[in-house]
Amino acid sequence: MYAQMVKTDTTSVKTREEMSAEERAFQDRVDADIKIEAKDWMPENYRKTLIRQISQHAHSEIVGQLPEANWLTRAPTLERKAILLAKIQDEAGHGLYLYCAAETLGVSRDELTEQLLTGKAKYSSIFNYPTLTWADVGTIGWLVDGAAIMNQVPLQRCSFGPYSRAMIRVCKEESFHQRQGYDALMKMCLKGTAAQKAMCQDAFNRWWWPSLMMFGPPDKESVHSAQSMAWKIKLNSNDELRQKFVDQTVPQAEYLGLEIPDPNLSWNEERGHYDFGEIDWSELFSVVRGDGPCNRERLAARRKAWDDGAWFREGLMAHAEKKSARKDTQKNAA
Ligand code: BYC
């Protein structure tokens, strides 16, 4: 099934004997936790994998603004509106740090945007679901930002310097995002009306399984994991992080008095983890392929933003060209 989801299969990791001397020296640096910087020699596939992952991450931050923006004009209080606005602005900032990190690898922001708009680059499946009520905004903060932190905290220690450093600030801000979501849900679940509690349960039911899918396909189906983990682009496997997320989130749901929409969820004393039901992987596959509830709407919004900004990009270029022509004239006159 996943063969249809991915363009390349990079599962085979070279043994030391198969590596060139340069590749061995590179792997030794990675193994010794020495950061790789943009100008350092790196295997071409390391560069490509980073561009793929960092750009997909950047696109996710940018597209991720859209579901929440749907509630900006309808936030229940001025305070909630200001908080939501700040969060959405943070996501734009994260996208920018990440595009900059990707650009250090020799790809331009325009190329990355084109890859998003033509469907060549992906963004996280989670942002293709609709935000139907105000409780969805709190639930996204709690679950989606919670899952993002679980995935991104280890990335602060990844092997590529610019990516790892960008993650430090991103993680600090994501923690605030997660808290704001949980805070909004605490208000509604613990101090709100029965209708508000029911609204939170409904949102939770809809976002729980897609949040578990955010971590990617199961390890045995994850085509990139083995190589990415050998290069420390990823430090944990998809299933490891998913399990950590479930273990962390179940007690939080219990505190809110929300029921986990999984009849097979139970604490496994022997493993020291929660067991949980089978994920419907065909749903992730369908969303990633472009057939989720909001894929078309999300891409159309990004395409419109890009087209609407054309006059501004042209203006900036014209200004830069004028400035550099003036500099040249001054230089020649001197
Ligand atoms: N959605 O071999 P695998 C955020 C693709 S949070 C779409 O396991 P890998 C935010 C995968 O790209 C979200 N596609 O891949 C939060 C690959 O296809 P390609 C963003 C997915 O890379 C709150 C194929 O499936 N976070 O931004 O080793 C508010 C096979 O998978 C998904 C990041 O991007 C998915 N859920 O592992 C606002 C974190 N899962 O590329 C914003 C950085 C898998 O070959 N990224 N695929 O065509 C990662 O950690 C890894 O890339 C993943 C996937 C764990 C996501």
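Worth pointing out:
- Yes/no for residue 146 being open to solvent by less than 30 Å² (accessible area, probe 1.4 Å), over 22 Å from residue 184 (Cα atoms) and among the small types (Gly, Ala, Ser): no
- Residues that are among the aliphatic types (A, V, I, L, M), open to solvent by less than 70 Å² (accessible area, probe 1.4 Å) and more than 18 Å from residue 136 (Cα to Cα) within segment 149-198 comprise 149, 150, 153, 155, 166, 167, 170, listed in sequence order.
- Filter result (touching a residue at least 40 places away in the same chain (Cβ under 8 Å) and touching a strand residue (DSSP E or B) at 6+ places or on another chain (Cβ under 9 Å)) within segment 261-311: 276
- Residues that are of a type in the set (D, E, K, R) and closer than 10 Å to residue 231 by Cα, drawn from segment 16-27: none
- Long-range neighbours under 9 Å by Cβ, at least six apart or interchain, first residue more than 14 Å from residue 138 (Cβ to Cβ) within segment 76-90, second part of a loop (DSSP other than H, G, I, E, B) and not charged (D, E, K, R): 82/75; 85/75; 88/64
- Of the helices (runs of 4 or more DSSP H) entirely within segment 208-313, those holding at least 3 residues that are away from the ligand (no atom under 11 Å from the Cβ), open to solvent by less than 20 Å² (accessible area, probe 1.4 Å) and out of contact with any Asp or Glu (no Cβ under 9 Å at 6 or more places or on another chain) occupy 238-256.
Results for (1) of a type in the set (Lys, Arg); (2) within 13 Å of the chain's Cα centre (by Cα); (3) more than 26 Å from residue 283 (Cα to Cα), shown as yes or no for each residue.
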position: 58; (1), (2), (3): no, yes, no
position: 68; (1), (2), (3): no, no, no
position: 72; (1), (2), (3): no, no, yes
position: 82; (1), (2), (3): no, no, yes
position: 87; (1), (2), (3): yes, no, yes
position: 91; (1), (2), (3): no, yes, no
position: 100; (1), (2), (3): no, no, yes
position: 117; (1), (2), (3): no, no, no
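The values are calculated or read from the model by the stated rules, or taken from the named source; none is laboratory data. For clarity, every value in this text was computed on a predicted model and none was experimentally measured. Ideal geometry is used to build each Cβ from the backbone, glycine not excepted, and the neighbour counts take in all protein chains shown. Note: accessible area is taken over every heavy atom of the protein model, side chains too, but ligands, DNA and RNA are not part of it. Shrake-Rupley method; radii C 1.70, N 1.55, O 1.52, S 1.80 Å.
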